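Remarks on the structure that follows.
The values are calculated or read from the model by the stated rules, or taken from the named source; none is laboratory data. Because the structure is predicted, anything quoted here is derived from the model rather than measured. Note that each Cβ is placed from the backbone with ideal geometry, even for glycine, and that neighbours are counted across all protein chains shown.
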């Protein structure tokens, strides 16, 4: 086991941490797929409103690579296909039948896995609709089906606030997890990094033989991109793949059972979450179902994914394919009298400019910007927190000046899009979004 | 109270919105409004929560840190003036006298500076950055108390326009705006900026002695020290003990004489993490190291400056103030950590070298800071290059 020490980063002390209790939710009435929330793909619909689908029927495919298929996470009838601006497909909603029927897929056992050809395994995964769970760094696009990755990174970490602890979903699933890891080993010619947080490690079920890296550090130390940055020895490894740990279980389930797996464990957290905790539900379940119908009088914001990296989502919408947490945060927006000169015993800050730096308790936070946008004053906080040693204050400036070569040499593509630079910025500059957009447009240009 | 203010600003906002009559003055409205009420804007993309620190608090804390030096400056200016004018040197009358000398300068600095800031904000449609309020306080603190108000107005205008706004405003300036303004006055009106006479404001009322003799500053005493005698002896002969120099109770620029109160401000900013300890400590090391080096090479034939105890360099003149508040200004300082060490060190070393080798400029701190401001981008460039060379490329 290799120990990785990530010194930079930041741990948000924020209230609303979900208790580690798992509740099993009843079956939702609807589930949905959200093609809009899967980055880079160009979806081509294979169904129409009114069609009847089984669990595992094809809903849409990616025009860029038709081997990438996205399957129905439930059996029932397509009731709605919602489009957004410019005809982007937002949601494909399926009303669930009482009885579940599955499309059969090939399945293999442990011995079969040893002897199977790698190409056949890729075929099984892409037919089974779970290939998109494997994603390739640095752009975090779906992994190419025709390439062998230098390595696959599996991070058991959950250092971003309010994520599902690995011991919850690994509980009772250690065999399945081991099977999933063997699949990844096959795909990557035995180059799999399995990393766990040092503090989680003692609570994990006995996986010690499997874990290759132990990570010490604050958010986002256990992000696959950070693990890659800290372990890579050559530029060839930049295209490593990664997969969420919960998704390893899905892949293992598909290959073992021959049926499209639909289970998901989702963390529900945030100060205003009515029932914080972990819930066992389905892929694509409605947000209101997961949060168990909160009826807040306070204006709240619903976030899918993490507090740093997630996106805000309508409460009537559904949880996306990749996301495993729902947060409900106070929207804020109240104006404070002489806000800039308050002692701030309860104001969260990375800096030491508030009395909160001697307050050890977890603090309430809302979505207020806490200041107006100003020019960068070179305070240097962003470089202090950047886990991959980019100097965001310089990199975002060369990005805005269209000096793409220079920002690439600064390590733009190493950016793991953790959002810490934007979080700490006193000038309230959307540094992370600027870098993210630069990465994406560079990728589109390179691949198109 | 909050509701009342909210209603007031909401009712006035329509005059400043795009398309309205006073649209150009939106920056003024925004600046005024956000002093009273913090923004209610919420995040539109991730991260969904944001740090509580903003530039407004950042700059206000710098102003707070300047307060000890500023109030001591008020007292000291009044005290020196009253002594020379033969008036009572007790605390209250010194303070009132100091207020009467300094406040006009501060008011001129703020109003004239704010006019330019607002003009550029209106034309370029950017917001008024709080950095200006620090500049406009720093600037009069570096001036001699006898400076005519019109010169102060010209100085702050030059500092704001050419030190900052022509390059795009706060955050894009490569020179320290307050020192740019001072340097302009220094070279444009040397009569009012140098010499022994300018550092004490003599009251011009009839009762006071007409033949008042203003005291010399420690730096000019040191420069005037004759060969084969020691500067320390000259200073203590004139009543300048090390402690007195450290506290700053001697004629000089309004806020820049006191090493003690500059240090208090700097420690406050260091605790809050606003300024870089690298620049500050680098600067102190630079002064001391250069001083020691000169001690070592000193011969009997060299000027008395060579054999001066290096710690005296830190308490005389404006170097303490410059290191605490000017060199550490983050925008014109380098961004990279090792560069900051070098930058601070070079400012300290250059200040001593200018004092020792250049009889034309008794004080070198201002020129040292401005000179190193020019080198900050180069230092950054070199360090970034070295650092990027160590990265495993990812393109």
Q: Six or more apart or on different chains, Cβ under 6 Å: which pairs go from a residue in the stretch A:213-239 that's within 14 Å of chain B (Cβ to nearest Cβ) and crowded, with 19+ Cβ neighbours inside 10 Å to one that's part of a helix (DSSP H, G or I) and modelled with pLDDT of 90 or more? Could you list them?
A: A:220/A:226; A:229/A:414
Q) Just wondering, is there one or more residues in the stretch A:385-399 that are within 10 Å of chain B (Cβ to nearest Cβ), part of a loop (DSSP other than H, G, I, E, B), within 24 Å of residue B:169 (Cα to Cα) and without any contact (Cβ under 8 Å) to a residue 60 or more places away in the chain? A) yes
Q) within 14 Å of chain A (Cβ to nearest Cβ) and either free of Cβ contacts under 8 Å to residues at least 24 places away in the same chain or touching a strand residue (DSSP E or B) at 6+ places or on another chain (Cβ under 9 Å) (or both) - does that describe any residue in the stretch B:55-62? A) yes
**Q.** Near pairs, Cβ below 7 angstrom, 6+ apart or cross-chain, from the stretch A:415-444 (on the phi > 0 side of the Ramachandran plot) to any residue that is not in a loop (DSSP other than H, G, I, E, B)
**A.** A:417/A:432; A:417/A:436; A:419/A:432
Q.
With closer than 19 Å to residue B:383 by Cβ, touching a helix residue (DSSP H, G or I) at 6+ places or on another chain (Cβ under 8 Å) and outside any loop (DSSP other than H, G, I, E, B) as the only criterion, which of B:284, B:279 stands out?
A. B:279
Q.
Looking at residue B:87 and the list (1) part of a helix (DSSP H, G or I); (2) farther than 30 Å from residue B:272 by Cβ, which single condition is not satisfied?
A. (1)
Q | Residues of the stretch A:195-212 that turn out to be crowded, with 22+ Cβ neighbours inside 10 Å and out of contact with any helix residue (DSSP H, G or I) (no Cβ under 6 Å at 6 or more places or on another chain), as a count | A | 1
Q: Could you list all residues from the stretch A:406-448 that are at the interface with another protein chain (Cβ under 7 Å from one of its Cβ atoms) and closer than 17 Å to residue B:394 by Cβ?
A: A:408, A:409, A:410, A:411, A:413, A:414
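Here's the yes/no breakdown for (1) touching a residue at least 24 places away in the same chain (Cβ under 8 Å); (2) in contact with a strand residue (DSSP E or B) (Cβ under 8 Å, 6 or more places away or on another chain); (3) part of a strand (DSSP E or B):
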{"position": "A:4", "(1), (2), (3)": "yes, yes, yes"}
{"position": "A:8", "(1), (2), (3)": "yes, no, no"}
{"position": "A:11", "(1), (2), (3)": "yes, no, no"}
{"position": "A:26", "(1), (2), (3)": "no, no, no"}
{"position": "A:90", "(1), (2), (3)": "yes, yes, yes"}
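Yes/no matrix, rows are residues, columns are (1) surrounded by fewer than 17 Cβ atoms within 10 Å (Cβ to Cβ); (2) under 21 Å from the mean Cα position of the chain (by Cα); (3) within 14 Å of another protein chain (Cβ to nearest Cβ):
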position: B:237; (1), (2), (3): yes, no, no
position: B:241; (1), (2), (3): yes, no, no
position: B:255; (1), (2), (3): no, yes, no
position: B:283; (1), (2), (3): no, yes, no
position: B:290; (1), (2), (3): no, no, no
position: B:301; (1), (2), (3): yes, no, no
position: B:309; (1), (2), (3): yes, no, no
Q: Can you work out which of the residues in the stretch B:344-379 that are buried (at least 21 other Cβ atoms within 10 Å of the Cβ) and within 14 Å of chain A (Cβ to nearest Cβ) is nearest to the chain's Cα centre (by Cα)?
A: B:373
Q | Residue under evaluation residue A:383, criteria (1) closer than 21 Å to residue A:309 by Cβ; (2) crowded, with 19+ Cβ neighbours inside 10 Å; (3) out of contact with any helix residue (DSSP H, G or I) (no Cβ under 7 Å at 6 or more places or on another chain), criterion not met | A | (3)
**Q.** Of all residues in the stretch B:18-50 being under 36 Å from the mean Cα position of the chain (by Cα), assigned to a loop (DSSP other than H, G, I, E, B) and surrounded by fewer than 17 Cβ atoms within 10 Å (Cβ to Cβ), the one that is farthest from the other protein chains (Cβ to nearest Cβ)
**A.** B:22
**Q.** Among (1) in a helix (DSSP H, G or I); (2) under 30 Å from residue A:272 (Cβ atoms); (3) touching a helix residue (DSSP H, G or I) at 6+ places or on another chain (Cβ under 6 Å) - the single one residue A:426 does not satisfy
**A.** (1)
Q: Starting from residues that are part of a loop (DSSP other than H, G, I, E, B), in contact with a strand residue (DSSP E or B) (Cβ under 8 Å, 6 or more places away or on another chain) and without any contact (Cβ under 8 Å) to a residue 60 or more places away in the chain, keep the ones in the stretch A:346-365 and report whichever is surrounded by the fewest Cβ atoms within 10 Å (Cβ to Cβ).
A: A:346
Q: Evaluate the following for residue B:134: is it surrounded by 20 or more Cβ atoms within 10 Å (Cβ to Cβ), modelled with pLDDT of 90 or more and under 16 Å from the mean Cα position of the chain (by Cα)?
A: yes
Q) Quick one: how many residues across the stretch A:117-134 are surrounded by 21 or more Cβ atoms within 10 Å (Cβ to Cβ) and farther than 19 Å from residue A:103 by Cα? A) 1
Q. Is it the case that residue A:377 is free of Cβ contacts under 8 Å to residues at least 60 places away in the same chain and either assigned to a helix (DSSP H, G or I) or in contact with a helix residue (DSSP H, G or I) (Cβ under 8 Å, 6 or more places away or on another chain) (or both)?
A. yes
Q: Would you check if residue B:171 is modelled with pLDDT under 95 and either assigned to a helix (DSSP H, G or I) or closer than 30 Å to residue B:223 by Cα (or both)?
A: no
Q | Subset of the stretch B:1-17 that is more than 12 Å from every other protein chain (Cβ to nearest Cβ) and in a loop (DSSP other than H, G, I, E, B) - its residue that is surrounded by the most Cβ atoms within 10 Å (Cβ to Cβ) | A | B:16
